[in-house]
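Participant: Could you have a look at this structure, given as structure tokens, before my questions?
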Ligand SMILES: Cc1ncc(COP(=O)(O)O)c(C=O)c1O
């Protein structure tokens, strides 16, 4: 029997629907108490002193650079193997993106390559916990300390990710999460910025709402009265998204457990398959959020990649590529920085040879068996 296995599918249940309906029935669609409640819940879940809800992870990253005062003339080291948003946020403030290659064992930033990228203009390093696997934050923080750099953690795929028991986003100056539909929890569009630093949280809260000195209508002493001391954006999360987020967060442990069970089941089946390799496993010190399981095809199979993905699709199995190109290979970056900046062969190899397979909580361990047995058959056919 063919199955219907999408790569990602949000789990929206009765609780989310009722919570959204309550918002729609009420008087407040934005600027309301649910955003505050969601922020408090997220802070509790991650252990963050401050959490600020925003309209997307990209918005959070953009605001982070603004709040840290990074801009024209500054350089920021960014992983070449990530979503473009990781680099776009640097570009949006007018700073220069300096790409670092990935390590092949995890897909995370190659820490051994960083030293040679530092110049007098380097102000920050951004890392991404690639596919939810934590970066070694001890090494990143000592590198950052040595060169006096800010650290921005792109945690778009890292809800539940922990390095040495501490949640992703809490080692650096800021961590930014995404609630886009295929992520671990969703608010349709949405994001959250966490930080240990009150001044950063305060600056981001103002910048996300035009630079207004009070964020919540009820905090204004005189209705309709506020002041604006700086240039800001409209990057707020609304009450509908917050209502969804509150309910989704209550279920996140269940979602994460299912992801882990699925991942382990798939990994066990694929571990000894010829012509592919897997990224390093998660363990107590490096706890992944199990966003997906990416396989790397060797020389024999890599030219058949799209055929393999097509055949998976014919069997009802969705797959994807994380990420389809190393960021410096995207046209915008190629045009801006030119080929001399493309020094990221490992990131390119991951983009050119990997297939991302689904392990989300919309799927069961039995689905994993179907995916792996289908894959083994396909590998023999191509
Ligand atoms: C690593 C990474 N960073 C940032 C983003 C952007 O997130 P958002 O869509 O919430 O802006 C994504 C989206 O997939 C991502 O994978």
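Participant: Kindly indicate which of 76, 135, 90 is assigned to a helix (DSSP H, G or I) and within 15 Å of the ligand (Cβ to nearest atom).
Facilitator: Residue meeting the stated conditions: 90.
Participant: Going by the structure shown, is residue 143 within 20 Å of the chain's Cα centre (by Cα), surrounded by fewer than 24 Cβ atoms within 10 Å (Cβ to Cβ) and either more than 29 Å from residue 235 (Cα to Cα) or away from the ligand (no atom under 16 Å from the Cβ) (or both)?
Facilitator: It is false that residue 143 is within 20 Å of the chain's Cα centre (by Cα), surrounded by fewer than 24 Cβ atoms within 10 Å (Cβ to Cβ) and either more than 29 Å from residue 235 (Cα to Cα) or away from the ligand (no atom under 16 Å from the Cβ) (or both).
Participant: Something else about it: Suppose we filter 277, 288 for residues that are buried (at least 17 other Cβ atoms within 10 Å of the Cβ) and over 30 Å from residue 20 (Cβ atoms); which single one remains?
Facilitator: Residue meeting the stated conditions: 288.
Participant: Still on this model: Can you name the residue in the range 232-241 that is in contact with a helix residue (DSSP H, G or I) (Cβ under 9 Å, 6 or more places away or on another chain) and not in a loop (DSSP other than H, G, I, E, B) and is also nearest to residue 32 (Cα to Cα) among such residues?
Facilitator: Per the criteria, the residue is 239.
Participant: Let me ask something else about it. Mind checking which residues of the range 97-116 are touching a strand residue (DSSP E or B) at 6+ places or on another chain (Cβ under 9 Å), farther than 20 Å from residue 286 by Cα and surrounded by fewer than 19 Cβ atoms within 10 Å (Cβ to Cβ)?
Facilitator: Result: 113, single match.
Participant: Can you say whether residue 224 is exposed (fewer than 14 other Cβ atoms within 10 Å of the Cβ), on the phi > 0 side of the Ramachandran plot and either free of Cβ contacts under 8 Å to residues at least 24 places away in the same chain or within 16 Å of the ligand (Cβ to nearest atom) (or both), as far as the supplied structure shows?
Facilitator: yes
Participant: Then there is this: Please give the helices (runs of 4 or more DSSP H) falling wholly within the range 273-382 in which 2 or more residues are more than 30 Å from residue 138 (Cβ to Cβ) and either without any contact (Cβ under 8 Å) to a residue 24 or more places away in the chain or more than 18 Å from the chain's Cα centre (by Cα) (or both).
Facilitator: 299-302, 305-314, 331-337, 365-381
Participant: Given the conditions (1) surrounded by fewer than 22 Cβ atoms within 10 Å (Cβ to Cβ); (2) over 27 Å from residue 287 (Cβ atoms), and given that residue 235 satisfies all but one, which numbered condition is not satisfied?
Facilitator: (1)
Participant: Could you pull out the residue among 10, 27 that is more than 16 Å from the ligand (Cβ to nearest atom) and either free of Cβ contacts under 8 Å to residues at least 24 places away in the same chain or part of a loop (DSSP other than H, G, I, E, B) (or both)?
Facilitator: Just a single option satisfies the conditions, and that option is 27.
Participant: Related question: Please go through the range 5-36 and pick out each residue that is surrounded by 17 or more Cβ atoms within 10 Å (Cβ to Cβ), more than 30 Å from residue 374 (Cβ to Cβ) and modelled with pLDDT of 95 or more.
Facilitator: Result: 16, 19, 20, 23, 34, 35.
Participant: Taking the stated definitions as given, is residue 130 modelled with pLDDT of 95 or more, within 15 Å of the ligand (Cβ to nearest atom) and closer than 17 Å to residue 288 by Cβ?
Facilitator: yes
Participant: Give me the pairs, please: first residue somewhere in the range 130-147 and touching a residue at least 12 places away in the same chain (Cβ under 8 Å), second residue anywhere and away from the ligand (no atom under 16 Å from the Cβ), beta-carbon distance under 6 Å, and either six or more positions apart or on two chains.
Facilitator: Within 6 Å, the pairs are 134/163; 134/286; 137/163; 137/171; 139/111; 141/171; 143/114; 147/118.
Participant: Now for a separate question. Of the numbered conditions (1) more than 12 Å from the ligand (Cβ to nearest atom); (2) in a helix (DSSP H, G or I); (3) surrounded by 22 or more Cβ atoms within 10 Å (Cβ to Cβ), residue 125 fails exactly one; give the number of that condition.
Facilitator: (2)
The values are calculated or read from the model by the stated rules, or taken from the named source; none is laboratory data. What you see is a predicted model, and the numbers here were worked out from it, not measured in a lab. Virtual Cβ from ideal backbone geometry, glycine too; neighbours counted across all protein chains shown.
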